[in-house]
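**Student:** First the structure, then my questions, so here it is.
The values are calculated or read from the model by the stated rules, or taken from the named source; none is laboratory data. Please read all numbers here as calculations on a predicted model, not as lab measurements. Glycine also receives a Cβ, built like all others from the backbone with ideal geometry; neighbour counts cover every protein chain displayed. The accessibility values were calculated without ligands, DNA or RNA, using every heavy atom of the protein model including side chains. Shrake-Rupley method; radii C 1.70, N 1.55, O 1.52, S 1.80 Å.
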Amino acid sequence: METHIRTLFTDDILDKAGAFYGVTLKELNLIGGFENFIYGFTKNEQSYVMRISHSDHRTYEQTQAELDFVNYLAD
């Protein structure tokens, strides 16, 4: 991740992203990422992966296309 984007990524952003899924900062584990911030968490005994991307890297349409493809693979 570029330095200027990394400095914009705050705990407040991560807290809001976690709250969207009903998890706290303490429940999020940084997995890694190069172009994105990737976190894992467990909820109701199920494992999840959350990816946070900066809008400089992908448009809404590109992100939606990626989600469509991942959902297609899951089906």
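**Student:** Along the Cα-to-C-beta direction of H54, a point sits 7 Å from the Cα; which residues of region 1-45 have their amide N less than 15 Å from that point?
**Tutor:** 1-11, 13-14, 33-38
**Student:** Might you tell me the accessible area per residue for the chain, computed with a 1.4 Å probe and given in Å²?
**Tutor:** Working: 5890 Å² over 75 residues.
Counting only protein heavy atoms, the per-residue value for the chain is 79 Å².
**Student:** Run the dipole for the chain about the Cα centre, Lys and Arg Cβ at +1, Asp and Glu Cβ at -1, nothing else charged, and hand back the magnitude in debye, nearest 20. Don't jump to the answer; show the numbers that get you there.
**Tutor:** Working: 6 positive and 12 negative charges, 40 e Å.
Dipole about the Cα centre, nearest 20: 200 debye.
**Student:** Let me ask you something else. Here are labelled values, [x] 33, 14, 10; [y] 20, 19, 10; [z] 23, 14, 11, and one is the computed semi-axes √(5λ) of the Cα gyration tensor in Å for what I pasted. Which one?
**Tutor:** From the options [x] 33, 14, 10; [y] 20, 19, 10; [z] 23, 14, 11, the structure gives [y].
**Student:** Oh, and also: Pop a pseudo-label 7 angstrom from the Cα along the beta-carbon direction at both T24 and E61 and give the gap in nm to one decimal.
**Tutor:** So the two model labels end up 4.2 nm from each other.
**Student:** R0 = 30 Å: FRET efficiency of R6 with N44, Cβ-based, nearest 0.05? Display every interim value, and only then the final one.
**Tutor:** Numbers: r = 31 Å, r/R0 = 1.05.
E between R6 and N44, to the nearest 0.05, is 0.45.
**Student:** How large, in percent, is the carbon and sulfur part of the accessible surface of the chain at a probe radius of 1.4 Å?
**Tutor:** Values: 3220 of 5890 Å².
Carbon and sulfur: 55 percent of the exposed surface of the chain.
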